[in-house]
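Each reported figure results from applying straightforward, stated rules to the coordinates on display, with no laboratory input. Keep in mind that this is a model prediction, so the values were computed, not measured. Here Cβ is always computed from backbone atoms with ideal geometry, including for glycine, and neighbour counts include all displayed protein chains.
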Amino acid sequence: MSTIIIIILGIIMLSAAFVTIFSKSLLAAIITSGVISLLASIVFLILGSPDVAMTEASIGSALTTVIFLFALKKLRKEKNNDK
Amino acid sequence: MLYTLILGFALFLAGIFAMLTRKNMMKIILGFSIADTGIHIIIVSLGYLKDKTAPIIDSTIKISEATSSVVDPIPSALVLTAIVIGLATTALMLSFVVMMYKKKKSLSINDYQELKC
Amino acid sequence: MINKVLVALALLGLIILIMPIISNFQERTELSELSKKYIEGSINDLKSPNVVTSVIVTYRGLDTLGEVTVLFLATVGVGFLLQKRKKGKSKKDAPENLKTTSSFLAAMIMILGIYIFTHGHLSPGGGFQGGVIIASGFLLLLLSDINMKINHSILQAVESLSGVLYVGLGVIGLILTIGFLNSNILPLGEFGQLFSAGAIPLIYSLIGLKVGSELTNIIETMGGE
């Protein structure tokens, strides 16, 4: 049963990685990298470590995505300041 | 188990491919973050024992046979530290990218060639 | 053209290095000697049910000190590189019910964070997770009201004080000649109560406060106007 869940999650994670690398819009790439971290947190829970799952869900999925989006906001503000 | 090991190595190779072939600096940092997640999955899956439970000794585990019914706790402790340090490194790299964009107004690494001889 | 060939060669070399690891992989069936010693020591000597917490705080305490140092260096680096210029523009004010609801929610989120890092030795959780949840409470406040100013002196005081007290607790262990960061300086209680396991709840609370205030600083430097 857990083998089937890991195979399905693995297929979704690898296709999300494909979208992150090859997409043209930066916003889509950042959000799909947050999806990869969220599914990795479920994989950690299946492997028997609830501490690591909690840490990865809060740091990898929430804070890393927010920090990337703040950097993107600063880049756009810099581009608009020139015009 | 074997499947999570293969998944971890596949994510690591995807991250390294993104770091080597993309020109946009933000995509390079995204590739670094994906490779980091892959390595954490590899380390945690080396500590998994079949059909055993999490290393927290509450009322469902008898104390006298605790060492034969829990998963290895040492890789979890190492990965916890590694996740926090990965976040710190990514934040510092992003502030470098913002500073470089302010100087030259370009996000492609082909325009930053002052160190080439 | 030559670039693509070289990249393909590098990835092929990595795959050739990885292949022996995957083909010789056998699942483990019993723990190593060191893990057995840590689990039995956590039950009998330290009396803390969460074995991962006792490994991080007591048996590998020096690595945790190193990690807190790395997080501090990252905060200093980000704060130095992205200096804010005081422009003083004030955008439109946020609507009233948004501000009230987010303040109420942020207070409840911070109480959840404090609960997680004080019960670090009894249930999954601990200092790092609780600190990140406190920082996300501050993030909610920052996202709903863009003109909010966080009192920087209180954040700096909390961060420096918890760092100094954490190293001070380690040095107390040195003075009593039982080792750096030994957690026997407070009485061990019963197995499974809140006030037990020596100084582990105290050390983890200090780590939680320090990580929470550092991450709040990083988020406010990168996101605030």
Please give every one of the lysines within straight-line cross-link reach of C:Lys37, meaning a C-alpha to C-alpha distance under 29 Å, and leave out same-chain neighbours fewer than 8 residues apart. B:Lys50, B:Lys52, B:Lys62, C:Lys47
Could you tell me what fraction of 2.2 N^0.38 Å the Cα radius of gyration of the protein assembly as shown comes to, as a two-decimal ratio? 1.04
So, for the Cα atoms of segment A:2-82, Rg and Dmax in Å stand at 15.2, 54
Ignore the peptide's own chain and count Cβ atoms of other chains within 10 Å of each Cβ in C:22-32; give me the average, rounded. 4
Within 10 Å of each residue's Cβ, count the other Cβ atoms and sort B:Ser69, A:Ser41, B:Ser45 from fewest upward. B:Ser69, A:Ser41, B:Ser45
Given only helices, namely DSSP H runs of n ≥ 4 each adding -39500 (n - 2.57), what is the per-residue ellipticity at 222 nm of chain A, to the nearest 500 deg cm²/dmol? -27000 deg cm²/dmol
Residue-count net charge about A:Ala28 - beta-carbon cut-off 15 Å; Lys, Arg +1, Asp, Glu -1: +3
Excluding residues on the same chain fewer than 8 positions from B:Lys102, give the aspartates and glutamates whose Cα lies under 13 Å from its Cα. A:Glu78, A:Asp82
For n ≥ 4 DSSP H runs only, could you compute -39500 (n - 2.57) per run for chain B, divide by its residues and tell me the 222 nm figure to the nearest 500? -21500 deg cm²/dmol
Would you mind putting A:65-72, A:7-14 in packing order, based on average other-beta-carbon counts within 10 Å, highest first? A:65-72, A:7-14
Of C:Glu33, C:Glu40, how do they rank once you tally other Cβ atoms within 10 Å and put the fewest first? C:Glu33, C:Glu40
Hydropathy at least -0.5 by Kyte-Doolittle, axial extent at least 30 angstrom from the Cα trace: which helices of chain C, defined as entire DSSP H runs, fit? C:2-23, C:61-81, C:96-118, C:152-175, C:200-223
Stick to the Cα atoms of chain C, pair each with every other, and give me the Kirkwood hydrodynamic radius in Å at one decimal. 20.8
Mean-square fluctuation maximum in Gaussian network of chain C, Cα pairs under 10 Å, restricted to C:Leu105, C:Leu34, C:Leu155, hits C:Leu34
Relative contact order in percent for chain B (Cα pairs under 8 Å, 6+ apart) equals 28
Computed [θ] at 222 nm, deg cm²/dmol, chain C (DSSP H ≥ 4; -39,500 (n - 2.57); rounded to nearest 500): -22000 deg cm²/dmol
Treating each Cα of segment C:97-152 as an identical point scatterer and ignoring solvent, apply the Debye formula and state log10 I(q)/I(0) at q = 0.12, 0.15, 0.20, 0.22 Å⁻¹. -0.31, -0.46, -0.70, -0.79
Peptide-level mean, for B:64-73, of C-beta atoms on other protein chains within 10 Å: 6
Cα-Cα over 18 Å, subset of B:Lys105/C:Lys92; C:Lys92/C:Lys149; A:Lys79/B:Lys103: B:Lys105/C:Lys92
Using DSSP H assignments, which helices in chain A have an axial alpha-carbon span of 27 Å or above and a mean Kyte-Doolittle hydropathy of 1.6 or higher? A:2-22, A:26-46
Using a 10 angstrom cutoff on alpha carbons, build the Gaussian network for chain C and name the most mobile of C:Ile18, C:Ile39, C:Ile109. C:Ile18
